[in-house]
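See below for the structure under consideration.
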Amino acid sequence: MSAVTPGSGPTVLVTGGSSGLGAAVVAAVARSGGQPLVLDRQPPGDGVPWRECDLADTAAAEEGTRQLAEHAGGLDAVVTAAGVDVPGRLAELSRQEWERIVTVDLFATVAVVRAALPFLERSRGSVVTVASTLGVKAVADATAYCAAKFGVVGFTRSLAAELAGSVGVTLLIPGGMRTRFFDARDERYRPGPDAALNEPADVAAAVLFALSQPPGCAVRELVVCAEQETSYP
């Protein structure tokens with residue numbers, strides 16, 4: 001696994017790298033001396049190389065990944081931080097809304113990893129997938145999000161077994177964070193003012209810890225959440 005250390009210059013592709021956890025990972029990679037690349041609908045800050053992509057289009061996600069990797073001359077790591085959610089009861093969500101959540105959160109994760117694999121195998125690189133505490137504990141009014149994030153958990157555990165010895169694979173299970181992820185929700189689905197949430201920079205530091213391990217040492221899974229967050233365990 002390629003180590004992320006100051007001055008080593010690893011190239012790390014981050015989906016959803018323009019906001020939230022993805023932006024925190026991009027900042028952490030840059031501070032460590034690496035080169036972040038971003039796949040997102042919105043441009044990242046500070047001139048970070050990126051490709052515009054709606055991750056609901058998995059073919060575009062694969063092509064964007066290949067383009068970024070080829071332009072950069074390869075990849076050392078991929079972090080699939082992009083995620084969406086629209087809470088609501090199953091009968092209230094349209095088919096389009098439900099399927100978009102699963103596509104962006106699960107199928108796009110798979111698409112990006114698939115496209116990145118040839119580059120990661122050459123570099124003995126790493127993958128960090130981003131699930132959620134709601135990928136191990138289900139709650140009401142989140143059938144699409146839970147289905148997708150439970151899927152990310154299963155996909156990543158299987159991928160780790162499949163790629164053992166060639167590509168490092170880490171499953172990140174974060175709790176709620178202080179990002180804009182909750183902004184567009186109905187008030188009833190937003191964290192309250194006293195909610196226990198983590199700073200995305202702290203979760204990004206855990207991502208870099210996973211990426212910093214030497215070849216042959218794998219951080220298989222990381223749960224990172226506020227101590228008093230109710231969604232885990």
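Key figures for this structure:
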read-out	value
In degrees, nearest ten, helix 200-211 long axis to first principal axis of the chain (Cα)	40 degrees
Length gained when the stretch ARG114-ASP186 is fully extended (0.36 nm per residue, less Cα-Cα span)	22.4 nm
Acute angle (nearest 10 degrees) that the helix 108-123 long axis makes with the longest principal axis of the chain, alpha-carbon atoms	20 degrees
For the chain, built as a Gaussian network whose Cα springs stay under 10 Å, the top-fluctuating residue of LEU117, LEU21, LEU75	LEU117
Residue exposure sequence - TYR189, TYR145, TYR232 - by fewest surrounding Cβ within 10 Å	TYR189, TYR232, TYR145
Student exercise, the chain dipole from Lys, Arg, Asp, Glu Cβ charges, in Debye to nearest 20	360 debye
Pairwise Cα inverse-distance average, inverted: Kirkwood Rh of segment 134-233 (Å)	15.1 Å
For segment 70-196, radius of gyration divided by Kirkwood radius, i.e. Rg to Rh on alpha-carbons	1.02
Gaussian network model of the chain, Cα within-10 Å springs - most flexible of ARG41, ARG66, ARG89	ARG89
Cα-based Rg / Dmax (Å) for the chain	16.5, 52
Given charges at beta-carbon only (K, R positive; D, E negative), |dipole| of segment 81-144 in Debye	300 debye
Most mobile of GLY17, GLY73, GLY151 in a GNM of the chain (Cα contacts under 10 Å)	GLY73
Order of THR58, THR15, THR65 under a 10 Å beta carbon neighbour criterion, fewest first	THR58, THR65, THR15
Estimated vicinal HN-Hα couplings, Hz - segment 181-194 in sequence order (Karplus 6.51, -1.76, 1.60; Gly, Pro = x)	4, 8, 4, 7, 7, 4, 3, 5, 9, 9, x, x, x, 9
Cα-based helix-to-principal-axis angle, 20-31 vs the chain, degrees rounded to 10	20 degrees
For the chain, with +1 on Lys and Arg beta carbons and -1 on Asp and Glu, the positive-most of ASN198, GLY88, VAL224 along the dipole	VAL224
Label-point separation in nm, LEU197 to VAL139, each point 7 Å along Cα→Cβ	1.2 nm
Farthest toward positive dipole pole in the chain [+1 Lys/Arg, -1 Asp/Glu at C-beta], among SER32, LEU163, LEU211	LEU163
Under-5 Å amide H pairs with GLY9, H placed in peptide plane, nonlocal only	GLY34
J(HN,Hα) series, segment 134-142, from Karplus relation 6.51 cos²θ - 1.76 cosθ + 1.60, nearest Hz, glycine and proline x	7, x, 10, 9, 8, 10, 5, 6, 9
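The numbers here are math on the coordinates, done by the rules we state, and not lab data. All of these numbers come straight from a predicted model, not from anything done at the bench. A quick note on method: Cβ atoms are made from the backbone with ideal geometry, for glycine too, and the neighbour counts reach across all protein chains shown.
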